[in-house]
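For reference, the structure discussed in these notes is given below.
The values are calculated or read from the model by the stated rules, or taken from the named source; none is laboratory data. Since this is a predicted model, take the numbers as computed values, not measurements. Heads up, the Cβs are rebuilt from the backbone with ideal geometry, glycines too, and the neighbour counts pull from every protein chain shown. With ligands, DNA and RNA removed, areas are computed over all heavy atoms of the protein, side chains included. Shrake-Rupley method; radii C 1.70, N 1.55, O 1.52, S 1.80 Å.
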Amino acid sequence: MKTHLNLPHPHNQRLLRGQTPTYERLQARFAGDHAQRPEGPLILQCGWGRLLIGHTFATAEQLAAELLNERPGERDIALYVAAPQQVLAKAPQQLFLDPSDALRLWFTDYRPARRPFRGFRIRRVHSDEDWAAINRLYLSRGMLPVDPANVTPRHQGGPAYWLAEDDETGTVIGTVMGINHAKAFRDPEGGSSLWCLAVDPQSSRPGVGEALVRHLIEHFMSRGLAYLDLSVLHGNQQAKSLYRKLRFRELPTFAVKCKNGINQSLFLGPGPEEGLNPYARIIVDEAHRRGIDVQVQDADAGLFILTQGGRRIRCRESLCDLTSAVSMSLCQDKTLTHRALDRVGLRQPQQRLAGCARDNAKFLAEHGSLVVKPVDGEQGQGVAVDLRSTGEVESAIAHARQFDTRVLLESYHPGQDLRIVVIGYEVVAAAIRRPAEVIGDGRHSIRRLIEAQSRRRQAATGGESRIPLDGETERTLAAAGFGYDDVLPSGQRLAVRRTANLHTGGTLEDVTERLHPKLAEAAIRAARALEIPVTGLDLLVRDADQPEYVIIEANERPGLANHEPQPTAERFLDLLFPLSRELLNRESPPGMEASV
């Protein structure tokens with residue numbers, strides 16, 4: 001969830017009564033209300049860009065000129081713009097009216113939460129490690145990172161950053177920024193504002209976003225302020241639902257921004273690329289940043305063509321023309337994958353095709369526990385793991401045959417599920433994938449907890465990840481002694497899937513920096529054995545920094561968006577268009593600065 005703020009000012013409300021004050025009139029009104037009006041225009045630096053308080057600028061020309069001083073890689077926002085048409089008229093090719101929806105909560109309407117939020121705590125940012133954790137979260141959500149050295153101090157009216165920290169792991173799972181208007185510009189109405197609310201999509205803790213918003217509300221209430229303003233992207237229905245619950249009201253107000261690469265989707269609106277899933281979108285966005293032409297052929301399927309100079313390459317997400325049909329078939333057919341990797345001496349599970357019930361039972365007796373999967377399958381469909389009885393095996397085989405008539409039996413190996421992305425025969429990213437889990441609250445059934453966690457995963461991944469309420473989930477619950485209608489005790493964690501596939505609700509922990517060299521070497525050897533330039537290797541390991549492994553799969557179309565902030569899309573475009581790297585070091589054209 002993320003929001004970007006447009007703040008209203010009481011003088012803007014006069015516009016609703018048919019008045020159109022000039023900047024000079026607005027300036028006079030402000031001066032009349034404030035005996036100690038700040039000298040000159042007020043600008044707050046937030047670390048990712050500047051807030052320009054519109055009513056402190058003497059003229060529309062002055063405000064427009066200051067907006068055009070925006071630094072590359074930052075996002076400036078002019079708010080409290082009483083007459084935005086006057087500002088836009090000064091630079092119509094470079095400025096635009098922000099289309100986000102503004103909301104306000106009067107603190108007289110606020111009602112505290114009935115029950116406390118558990119499993120995490122909220123505190124201020126106070127160390128370099130905190131800033132690094134917030135920036136990792138921002139980058140994972142496609143937001144601009146904060147430069148803490150470039151933030152207006154709080155005693156001068158600058159922003160206050162807060163974070164939510166998981167009690168068990170100490171991980172930062174959410175953050176929010178707030179501004180006290182009374183400190184910032186002596187607001188006579190005693191207002192405040194919320195900015196940059198972000199929640200880790202991998203976190204299974206419920207209510208993090210709501211708790212952060214409530215914390216900011218109650219903090220500003222304790223300071224004697226009157227209301228909290230925010231602005232939310234028009235299509236962010238998950239955030240809007242939360243704000244309706246907290247009694248925010250819609251508010252007509254205006255903000256102006258610069259036309260740049262960061263804001264492109266806001267001022268261009270939907271185009272032919274609308275509807276691309278996150279795995280195609282991350283590549284297309286990087287191509288635009290490099291000046292590579294993009295032609296979308298089928299947005300639903302993630303099909304597009306990239307062209308630069310005389311070079312033209314078709315892609316379906318991260319699968320491209322550079323991957324041969326033979327390499328692709330070696331990955332799709334898991335028996336062929338197994339034989340190719342076995343020839344170069346890589347460690348893998350024992351494997352055989354499912355046959356008659358007697359042969360299947362014999363293979364189970366040899367290994368004690370099995371994995372069943374379709375020979376040609378993806379996104380975790382038809383996969384069942386840690387099967388210990390002949391009945392479970394035969395039932396899983398019947399289910400897997402819905403996806404491929406050929407079904408594979410493999411020896412089961414416990415361990416952590418590690419995905420390594422190899423591009424151009426170099427390791428670009430690595431992440432431990434964890435199965436979907438829920439945390440009990442002592443009130444709701446496991447079914448309700450799964451549905452709520454599934455909604456959060458869908459919202460965070462553009463609909464790509466959800467937890468199915470199917471036989472595999474039911475079997476996983478039964479093995480733990482639970483059913484869908486049971487109420488999980490407060491604070492208890494429960495894995496609801498055995499497999500860690502992201503499409504079935506799994507989560508990721510980036511481990512690129514601590515990946516053991518032996519694991520990186522095995523992944524590169526596997527990619528070379530398959531002769532595939534872009535692949536995702538799935539391994540079972542003791543831990544990412546330990547050398548033991550078994551390789552269980554190779555994916556010819558890995559989801560690059562799953563590994564942000566690692567530069568997966570950048571390395572993919574380096575492979576496809578090596579000369580495009582030079583463009584990143586050149587100065588961007590005016591008004592179209594590249595995002596960082």
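At a glance:
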read-out	value
Residue satisfying condition, being part of a helix (DSSP H, G or I), free of Cβ contacts under 8 Å to residues at least 24 places away in the same chain and closer than 30 Å to ASP543 by Cβ, within set GLN458, GLN453	GLN458
Residue satisfying all of: in the range 51-110; touching a Pro at 6+ places or on another chain (Cβ under 8 Å) and open to solvent by 20 Å² or more (accessible area, probe 1.4 Å); nearest to GLU218 (Cα to Cα) among these	LEU97
Residue satisfying condition, being at pLDDT below 90 and within 28 Å of the chain's Cα centre (by Cα), within set ILE423, ILE432, ILE450	ILE450
Matching residues, the range 225-245, being of a type outside the set (A, V, I, L, M, F, W, C) and in contact with a Gly (Cβ under 7 Å, 6 or more places away or on another chain)	TYR227, ASP229
Test: residue in the range 140-150 that is modelled with pLDDT of 90 or more and of a type in the set (Ser, Thr, Tyr)	no
Meets criteria (in contact with a strand residue (DSSP E or B) (Cβ under 6 Å, 6 or more places away or on another chain) and either closer than 22 Å to ARG571 by Cα or open to solvent by 20 Å² or more (accessible area, probe 1.4 Å) (or both)) for ASP293	yes
Residue, most open to solvent (accessible area, probe 1.4 Å), within the range 118-130, restricted to residues that are within 20 Å of ALA160 (Cβ to Cβ) and in contact (Cβ under 8 Å) with a residue 24 or more places away in the chain	ARG121
So GLN238, is it open to solvent by 50 Å² or more (accessible area, probe 1.4 Å) and in a helix (DSSP H, G or I)	yes
Matching residues, the range 482-519, being in a loop (DSSP other than H, G, I, E, B) and either open to solvent by 60 Å² or more (accessible area, probe 1.4 Å) or farther than 26 Å from VAL393 by Cβ (or both)	ASP485, ASP486, LEU488, PRO489, SER490, GLY491, GLN492, ARG498, VAL511, LEU515, HIS516
Qualifying residues in the range 262-318 (those that are acidic (Asp, Glu) and assigned to a strand (DSSP E or B)) - the one nearest to GLU74 (Cα to Cα)	ASP293
Residue in the range 244-262 that is within 26 Å of ASN562 (Cβ to Cβ), out of contact with any helix residue (DSSP H, G or I) (no Cβ under 7 Å at 6 or more places or on another chain) and open to solvent by 20 Å² or more (accessible area, probe 1.4 Å) present	yes
Per-region count, the range 259-285, residues modelled with pLDDT of 85 or more and closer than 23 Å to HIS503 by Cβ	10
Residue in the range 382-403 that is of a type in the set (Phe, Trp, Tyr) and in contact with a helix residue (DSSP H, G or I) (Cβ under 9 Å, 6 or more places away or on another chain) present	no
Pairs where the first residue, in the range 526-538, is within 17 Å of TYR279 (Cβ to Cβ) and the second is buried (at least 23 other Cβ atoms within 10 Å of the Cβ) and basic (Lys, Arg), C-beta under 6 Å, 6+ apart	GLY536/ARG419; ASP538/ARG419
Count - residues of the range 400-419 that are surrounded by fewer than 21 Cβ atoms within 10 Å (Cβ to Cβ) and among the small types (Gly, Ala, Ser)	2
Matching entry among GLU553, GLU582, GLU587 (being more than 13 Å from VAL428 (Cα to Cα), at pLDDT below 95 and part of a helix (DSSP H, G or I))	GLU582
The range 144-184, residues that are part of a helix (DSSP H, G or I) and buried (at least 22 other Cβ atoms within 10 Å of the Cβ)	HIS181, ALA184
Filter result for GLY382 (on the phi > 0 side of the Ramachandran plot, crowded, with 19+ Cβ neighbours inside 10 Å and touching a strand residue (DSSP E or B) at 6+ places or on another chain (Cβ under 8 Å))	yes
Some residue of the range 277-286 being among the hydrophobic types (A, V, I, L, M, F, W, C) and over 25 Å from the mean Cα position of the chain (by Cα)	no
Of all residues in the range 337-351 being in a helix (DSSP H, G or I) and of a type in the set (Lys, Arg), the one that is surrounded by the fewest Cβ atoms within 10 Å (Cβ to Cβ)	ARG343
Residue list for the range 100-128, filter: closer than 21 Å to GLY47 by Cα and out of contact with any strand residue (DSSP E or B) (no Cβ under 9 Å at 6 or more places or on another chain)	HIS126, SER127, ASP128
So TYR110, is it among the hydroxyl-bearing types (Ser, Thr, Tyr) and either closer than 20 Å to SER241 by Cα or modelled with pLDDT of 90 or more (or both)	yes
Options ARG214, ARG247; residue that is in a loop (DSSP other than H, G, I, E, B) and basic (Lys, Arg)	ARG247
Close pairs (6 angstrom Cβ cut-off, 6 or more residues apart or separate chains): closer than 21 Å to THR56 by Cα in the range 187-201, assigned to a strand (DSSP E or B) and open to solvent by less than 10 Å² (accessible area, probe 1.4 Å) anywhere	GLY191/TYR227; SER192/LEU228; SER193/ILE179; SER193/ASP229; LEU194/GLY178; LEU194/LEU228; LEU194/LEU230; TRP195/MET177
Test: residue in the range 352-361 that is touching a residue at least 60 places away in the same chain (Cβ under 8 Å) and in a strand (DSSP E or B)	no
Single condition ILE524 does not satisfy, out of (1) open to solvent by 10 Å² or more (accessible area, probe 1.4 Å); (2) out of contact with any Gly (no Cβ under 9 Å at 6 or more places or on another chain); (3) in a loop (DSSP other than H, G, I, E, B); (4) within 30 Å of ARG312 (Cα to Cα)	(3)
Test: residue in the range 128-140 that is closer than 15 Å to ALA198 by Cα, touching a His at 6+ places or on another chain (Cβ under 9 Å) and not basic (Lys, Arg)	no
